[in-house]
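The values are calculated or read from the model by the stated rules, or taken from the named source; none is laboratory data. Quantities reported herein were computed from a predicted structural model and do not represent experimental measurements. We place every Cβ from the backbone using ideal geometry, glycine too, and count neighbours over all the protein chains shown. Side chains included, ligands, DNA and RNA excluded: accessible areas come from the protein's heavy atoms. Shrake-Rupley method; radii C 1.70, N 1.55, O 1.52, S 1.80 Å.
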Amino acid sequence: MTPQTTQSAPSLHRLVLGGNGNSIASVNFSYASDGLAGLTLAEVVEVGVRPSWVHIASSHLITNSEDSPGRVLVYALSPSPSPSFLAHAFLDFGFDSGGADPCYMSLINNNNNNLLLLAANYSGGTVSFTDFKSRGRVSHVRSFKTIDHPNPHPHQARVNPFSSNQYIYIPDLGSDRLHVVSVNHTTNNEDNNREISSTIVESLAFPKNSGPRHIDFHPNGKIAYLNLELSNELAVISLDPLEVLEHHSILPIGTPEDVKMQSAAIALAPDAKYVYLSNRYHPSKNDTVVRFFLDASGIPSTAVPPVWTNTQGVCPRGFAFSNDPAASFLCVVNQESDNVVMFKRNAESGALDFLDELALPAGFKPTCVVW
């Protein structure tokens, strides 16, 4: 008798996409032990103008209206595991983002267990810090416009999760600077009044037209990685003192010097062995994700060259690792080809192997993905 082999049930995952159209979407991903994988579109829900960023925090989905004026929209999610959970979400509250074209948002647990929602307003040149529990009523807006730098474009605002100092790091593409901001968020226990203020602690300058875009942090708390959108570089940064340690080109080998590509996303793998960045606008539409192998201190290894993987689409605006400890999957969203691509990630080699592709409705223009 031939022994029976038992197949384990496929693992099921749900992803949420933001885009430059007027909708957000949920996508289902299944993966079986035999390697069979599948992406399916679950639902598309219209929410407003250019909901280009999505952040999920517990029972809320936070998105934006990348418009002028900009808006932050907070949806309450149904506690039931319904496959149409976006359709059952309802707008809990919304508020002004503090500037035009908010392009990135994050929710942080500030000192004294206060929740702060950060919104980087690209065209407005501002970052807003909003008390989440006040439902948008208590907010502070920091402008980065100066006489020397009249056109700031903050592209991100996030805290270093591996540090206790609670500084906010803000890559400013317009002024070619990385700003470090201290935020004071206080509550008066007698009348429950809340106040927020901010101070620029220091700024790190880059050469003109570098275009700092997004940052990620090494778990040692000492190193960060910044993608320079306009110069197509990875900058490896010391956080204390704040200085650039190394620059690395992320252009595919053989790319002519006059080719104008742009980096979009950056993320460090959870095991801190590899940092990944996306390249877009290759003249032959050969857009890629590049990975750098890191040594134990977090510096790109000189012994292992970077490796590029085709994203199977045009303009990889965003990508995200799966939530398991090994980050077994990497999902890429290609904005201009309106498709989602799933890769299996080898944690040891960092290699990305194509699994499946999903076409989105024309005009969705995906820009970010969260698991």
Item to complete: Return the pairs, sorted by first residue and then second, in which the second residue is among the polar types (S, T, N, Q) and not in a strand (DSSP E or B), the first residue lies in region 163-178 and is in contact (Cβ under 8 Å) with a residue 12 or more places away in the chain and open to solvent by less than 10 Å² (accessible area, probe 1.4 Å), the beta carbons are less than 6 Å apart, and the residues are 6+ apart or on different chains.
Response: Pro171/Gln156
Worksheet item: Do you know which residues across region 56-67 are at pLDDT 95 or above and open to solvent by 20 Å² or more (accessible area, probe 1.4 Å)?
Response: Asp67
Worksheet item: Among the residues of region 141-157 satisfying the criterion of being among the charged types (D, E, K, R) and more than 21 Å from Leu107 (Cα to Cα), which is surrounded by the most Cβ atoms within 10 Å (Cβ to Cβ)?
Response: Lys145
Fill in: Checklist (1) open to solvent by less than 50 Å² (accessible area, probe 1.4 Å); (2) closer than 30 Å to Asn279 by Cβ; (3) touching a residue at least 40 places away in the same chain (Cβ under 8 Å); (4) touching a Gly at 6+ places or on another chain (Cβ under 9 Å) applied to Leu117, failing item
(2)
Practice prompt. Keeping to region 10-29, report how many residues are open to solvent by less than 40 Å² (accessible area, probe 1.4 Å) and either assigned to a strand (DSSP E or B) or more than 20 Å from Asp338 (Cα to Cα) (or both).
Written response: 11
Worksheet entry | Members of region 68-92 that are closer than 24 Å to His155 by Cα and surrounded by fewer than 16 Cβ atoms within 10 Å (Cβ to Cβ) | Ser68, Pro69
Fill in: Search result, residues across region 265-313 that are on the phi > 0 side of the Ramachandran plot and hydrophobic (A, V, I, L, M, F, W, C)
Ala272
Discussion item. Under 20 Å from Asn20 (Cα atoms), assigned to a strand (DSSP E or B) and modelled with pLDDT of 95 or more: is that true of Leu73 in this structure?
Written reply: yes
Item to complete: Give the residues of region 273-299 that are over 15 Å from Leu330 (Cβ atoms), open to solvent by 10 Å² or more (accessible area, probe 1.4 Å) and assigned to a loop (DSSP other than H, G, I, E, B), sorted by residue number.
Response: Tyr281, His282, Pro283, Ser284, Lys285, Asn286, Asp295, Ala296, Ser297, Ile299
Worksheet item: Considering only residues of region 253-265 that are of a type outside the set (Lys, Arg) and open to solvent by 20 Å² or more (accessible area, probe 1.4 Å), which is nearest to Ser297 (Cα to Cα)?
Response: Ile253
Discussion item. Just to be sure I understand, how many residues within region 173-191 are at pLDDT 95 or above and either of a type in the set (Ser, Thr, Tyr) or part of a strand (DSSP E or B) (or both)?
Written reply: 7
Worksheet item: Restricting attention to region 30-47, and to residues there that are closer than 15 Å to Cys331 by Cβ and crowded, with 16+ Cβ neighbours inside 10 Å, which single residue is modelled with the lowest pLDDT?
Response: Ala37
Item to complete: Output the number of residues of region 213-234 satisfying the condition of being touching a Pro at 6+ places or on another chain (Cβ under 8 Å) and aliphatic (A, V, I, L, M).
Response: 4
Worksheet, complete the sentence: Over region 315-371, the set of residues among the polar types (S, T, N, Q), open to solvent by 20 Å² or more (accessible area, probe 1.4 Å) and under 23 Å from Gly21 (Cα atoms) is Ser337
Item to complete: Return the pairs, sorted by first residue and then second, in which the second residue is aromatic (Phe, Trp, Tyr) and open to solvent by less than 70 Å² (accessible area, probe 1.4 Å), the first residue lies in region 146-160 and is under 18 Å from Phe206 (Cα atoms) and touching a residue at least 24 places away in the same chain (Cβ under 8 Å), the beta carbons are less than 7 Å apart, and the residues are 6+ apart or on different chains.
Response: Pro152/Phe144; His153/Tyr122; Pro154/Tyr122; Pro154/Phe144; His155/Tyr104; His155/Tyr122; Gln156/Tyr104; Ala157/Tyr104
Fill in: Among (1) within 28 Å of Thr186 (Cβ to Cβ); (2) in a loop (DSSP other than H, G, I, E, B); (3) free of Cβ contacts under 8 Å to residues at least 12 places away in the same chain - the single one His88 does not satisfy
(1)
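Here's the yes/no breakdown for (1) part of a strand (DSSP E or B); (2) surrounded by fewer than 21 Cβ atoms within 10 Å (Cβ to Cβ); (3) under 21 Å from the mean Cα position of the chain (by Cα):
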| residue | (1), (2), (3) |
| --- | --- |
| Ser197 | yes, yes, no |
| Ile200 | yes, yes, no |
| Pro207 | no, yes, no |
| Arg213 | yes, no, yes |
| Gly221 | no, yes, yes |
| Tyr225 | yes, no, yes |
| Leu234 | yes, no, yes |
| Glu243 | yes, yes, no |
